[in-house]
Amino acid sequence: MSKQCDICSKKPLRAMKVSFSNKHYTYKQEPNLQTMKTKINGTVQKIKVCTSCMKANKVQRAV
C-alpha cells in the first residue's frame, strides 16, 4: 500500500534530525492520510486523502 494522497499526490519526505552533538539522522515525514468513502463517477469508493485536501473541500464524503 502506498502512503500517498489520491487527490494531490502528496508523498513522504526524507528529513534530517540533528542531535545536540550535531549528528544527523534521516527519518521520514509522512502525510496525515485518512481513508474516506467518496462518490467517483456514480460509485462509492474508498480512497486515501490527506487532511489538507479534506480541509480545503477538494473531496466530498459519500453519505
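We did not get these values from a lab; they are worked out from the coordinates using the rules stated. All values reported here derive from a predicted model rather than from experimental measurement. Please note: Cβ atoms are built from the backbone with ideal geometry, for glycine as well, and neighbour counts cover all protein chains shown.
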Q | Count of residues meeting criterion [in a loop (DSSP other than H, G, I, E, B) and more than 22 Å from S2 (Cα to Cα)] in the stretch 12-59 | A | 9
Q) Among the residues of the stretch 28-63, which ones are surrounded by 11 or more Cβ atoms within 10 Å (Cβ to Cβ) and in contact with a Leu (Cβ under 9 Å, 6 or more places away or on another chain)? A) E30, P31, K48, V49, C50, T51
(Q) Contact list please: Cβ distance under 7 Å, first residue in the stretch 43-63 and touching a residue at least 40 places away in the same chain (Cβ under 8 Å), second residue among the acidic types (D, E), pairs at least six apart or on different chains. (A) I47/D6; K48/D6; V49/D6
Q. Quick check, is K11 in contact (Cβ under 8 Å) with a residue 12 or more places away in the chain, surrounded by 10 or more Cβ atoms within 10 Å (Cβ to Cβ) and within 12 Å of the chain's Cα centre (by Cα)?
A. yes
